[in-house]
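Have a look at the structure below, then the notes.
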Amino acid sequence: MLGNRVFSLLCAAGIAVNGIGLFTGVMMIDGALYALIAKNMVVNANYEFLTLHGFDWLDKPHFPFWCTALIYKLLVISDFAYKLPAFIFWLIGALYTFLLARRLHSRHAARIAVLIYLSVLHLLLCNSAVNAEPYLTGMIVAAIYHFYRTYRGDAFVQLVLGALWAAMAVMTKGIFVLIIIGSGFIVWWLIRREWRQFINYRWYLAIVLLLIFILPELYCLYRQFDARPTAEVFGQTNVSGIRFFFWDSQFGRFFNSGPIKGHGDPFFYLHTTLWAFLPWSLLLPAAVYFSFGRKRKLAIGHPLLWGSILITFLLFSASQFQLPHYLNAIFPLMSIWIGQLLAGMDRLPRMGVMHRVQWYSGLLVIILLCLLVFFFHSDGWWLLVAFIAIVGGSALIYTRRISAHNTFLASYAVGLLIGIFYGGYVYPGLLGYQSGDRMGRFINATIGVERHGECIYVLDQEIENFMLGFRCNMPLQAIRSGERWKTIADGSLLAVSTERLEEIPDYYDVESIASFAGYRVSRLTSAFFYYQSRDAQLGKFYLVRLKKR
């Protein structure tokens, strides 16, 4: 059993490791893009329109941008202010993971579940490279908790809160999140043959409340797109923002029929789960076995949990547009599932097998971390190798005896060491290779004051522009057509990568002001990660002055 003091200390350690990301910079692509769009809201004093480089932007709903813009107004536009609201929602997810696990199982299982939540690899990653997922992770488990309370016949306010959290999730990612929230209940009712739940007025009232709560999103989409047929997105005009919200952004990606396309792999989320849910992923087969196996000695799992996990997993696997962070939404439910497994592990057969799998996999991860620290070779790498070896080795020695308690502690220690390795070492090291960030700082220090009120031109679809736009105090203006080049004033500034220098028309002379080496750090390769071959992978991002001939 985890006592109050031990649980509090472990929670504090987990929150502290996740909180490292608050004090590091914003990373492209998604983080820089979202931070820039929220900045545009504040700078333009327009909280209805989403804009990027002077043009309308249509992809994600408004809610995360509203939250970020609010913190920008309360504090200041900064990396910390961008990450803070996402971290708060992630903390809310931890709270609701505990509350739901306690309702479904026990206080002991709930404590283990929340500690698993604090140490899951991909949740740790997303608290550094912040996107919409930390918001969504907290909202979905909160909605499920309040709807579970509604199902149990609690006060009407539970239904209202469930609909409110569900609406916030919809205004963060789209209507597909309702499948994650509702599928577990449907599976549970089917198993229990509770047919009356399908005609229970409360659930239809929840839908009505949800539609009311998302009216701000629908209003903004209508104002920006449906009421402005000349607004251009995806190279088209007469685009309906409301249609995009309800169909193209969700079902369009699923069927690969919308403006944003991908290439699906039915096994993508299977192998993604193996690394994204570390250090707990190797316990998932045991959870499945003891949930459905004929010889199980203890009922593990709840249909509300595994029903939602299964349906979501199958739908995501069938989708043609797949990204690893989509799984984050079900990690609180998986944490509760594994938490119950570990809470009752001492009474399960083959307990020794589960312990050895976790212990030896933890040892392998610690060795791998030490090697990766050396290969990345950032400043002070040998200190981190010593820290990981001493702390990780001590934790494994302490937990070598077979017990559920030791299995949990060994895995938790490994999870936090992974978080320290990435959030405190790799992630800050990568930020120095963001050429747009360095260019923005250069402009602020040397050019921005002299050319106040002017803009910097950029080429459309250049990913370095996102970080440049967030960091730079001067506004960016994208060049989307050949006609736009002719309107650019003599002596204007342009940010451009090496690969796209040839797109500058011949009637301009190009004067180089500065150049910055960089790399698309959100897509790591082994050649870039290894310090001795890194420089060969770098590209150049130029700040130039355009002079008409």
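The values are calculated or read from the model by the stated rules, or taken from the named source; none is laboratory data. These numbers were taken from a predicted model, which means no experiment stands behind them. Just so you know, the surface numbers come from the protein's heavy atoms only, side chains and all, with ligands and any DNA or RNA stripped out. Shrake-Rupley method; radii C 1.70, N 1.55, O 1.52, S 1.80 Å.
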The range 186-220 and the range 93-124: distance between their alpha carbon centers, rounded to Å: 25 Å
Measure off, as a whole percent, the carbon and sulfur share of the 1.4 Å-probe accessible area of the chain, all protein chains present. 62 percent
Limiting things to C-alpha atoms, what are the Rg and the maximum Cα-Cα separation (Dmax) for the range 360-463, in angstroms? 21.2, 68
Cα gyration tensor shape of the chain, rounded if a/c is under 1.5, else prolate or oblate by comparing a/b with b/c: oblate
Residue-averaged 222 nm ellipticity for the chain, from DSSP H runs of 4+ at -39500 (n - 2.57), nearest 500: -17500 deg cm²/dmol
Which value, in Å², gives the accessible area per residue of the chain when a 1.4 Å probe is used on the protein heavy atoms? 43 Å²
Would you pull out the residues with amide H under 5 Å of Asp56's amide H, same chain only if 5 or more places away, H placed 1.01 Å from N? Glu232
Expressed as a rounded percentage, what relative contact order does the chain have, with Cα pairs under 8 Å and six or more residues apart? 16 percent
When we measure straight from the Cα of Lys60, which aspartates and glutamates land under 14 angstrom away, once same-chain ones fewer than 8 places off are left out? Asp30, Glu48, Glu133, Glu217, Asp248
